[in-house]
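Below you'll find the structure, written out as structure tokens, and then a few comments.
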Amino acid sequence: MSFFSGVYQINVRVKEINKAVEWYEKILGLHVLKDYGKTVVLKHDGRVPVCLIEKPLHTELPDNLDGTHPVFSISASNVKDCKKAMMDQGVVVLEGGSEGHFKFRDLDGNLLEAYLPGLYEEEQFKPYR
């Protein structure tokens, strides 16, 4: 039995809240749901909200390359263009991966991941593996 019904939100620490909000809106297509000043909740199409939290001054952000990080779904209709479009906008996309599954960094260096649901299960997505 689980006491939980799902994931409520994803928290991401950022250096400058206004710049981070602008980046997440422009690059990931999220929009502001609630703005509490140093904490801003963003959302996209009824999905799990992303809560940006401005870190205290002089606090280092974790690298988290091998740790916990948010994974964003790529829609099947955008899989061909997603990775290239992000790179064209100056997003740091890490080496390796594929069009349908890759890691990238936000403007503060936070590790994020993009994934096409069904990539490894559905034959139609084989070209994007």
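Applying the criterion of being small (Gly, Ala, Ser) and more than 11 Å from the chain's Cα centre (by Cα) to the residues of the stretch 29-58, the residue that is least open to solvent (accessible area, probe 1.4 Å) is 37. In the stretch 78-96, is there at least one residue being open to solvent by 60 Å² or more (accessible area, probe 1.4 Å), at pLDDT 95 or above and over 29 Å from residue 16 (Cα atoms)? No, the conditions are met nowhere in the stretch 78-96.
Looking at this structure, is residue 40 modelled with pLDDT of 95 or more, part of a strand (DSSP E or B) and over 30 Å from residue 126 (Cα atoms)? Yes: the conditions hold for residue 40. If you check residue 96 against the conditions, is it part of a loop (DSSP other than H, G, I, E, B) and over 22 Å from residue 119 (Cα atoms)? When the stated conditions are applied, residue 96 does not pass them.
Name the residue, out of 34, 15, that is touching a residue at least 12 places away in the same chain (Cβ under 8 Å) and of a type in the set (D, E, K, R). First the steps, then the outcome.
Details: 34 fails: touching a residue at least 12 places away in the same chain (Cβ under 8 Å).
Sole residue among the options that is touching a residue at least 12 places away in the same chain (Cβ under 8 Å) and of a type in the set (D, E, K, R): 15.
As a summary of the residue check, residue 63 satisfies the conditions (1) farther than 28 Å from residue 38 by Cα; (2) of a type outside the set (Phe, Trp, Tyr); (3) surrounded by 11 or more Cβ atoms within 10 Å (Cβ to Cβ); (4) at pLDDT below 95 except for the one numbered (1). Residue count for the stretch 102-129, restricted to those that are open to solvent by 50 Å² or more (accessible area, probe 1.4 Å) and in a strand (DSSP E or B): 2.
Against the numbered list (1) outside any strand (DSSP E or B); (2) touching a residue at least 40 places away in the same chain (Cβ under 8 Å), residue 68 comes up short only at (2).
The values are calculated or read from the model by the stated rules, or taken from the named source; none is laboratory data. These numbers were taken from a predicted model, which means no experiment stands behind them. Heads up, the Cβs are rebuilt from the backbone with ideal geometry, glycines too, and the neighbour counts pull from every protein chain shown. We work out accessible area using only protein heavy atoms, side chains counted, and drop any ligands, DNA or RNA first. Shrake-Rupley method; radii C 1.70, N 1.55, O 1.52, S 1.80 Å.
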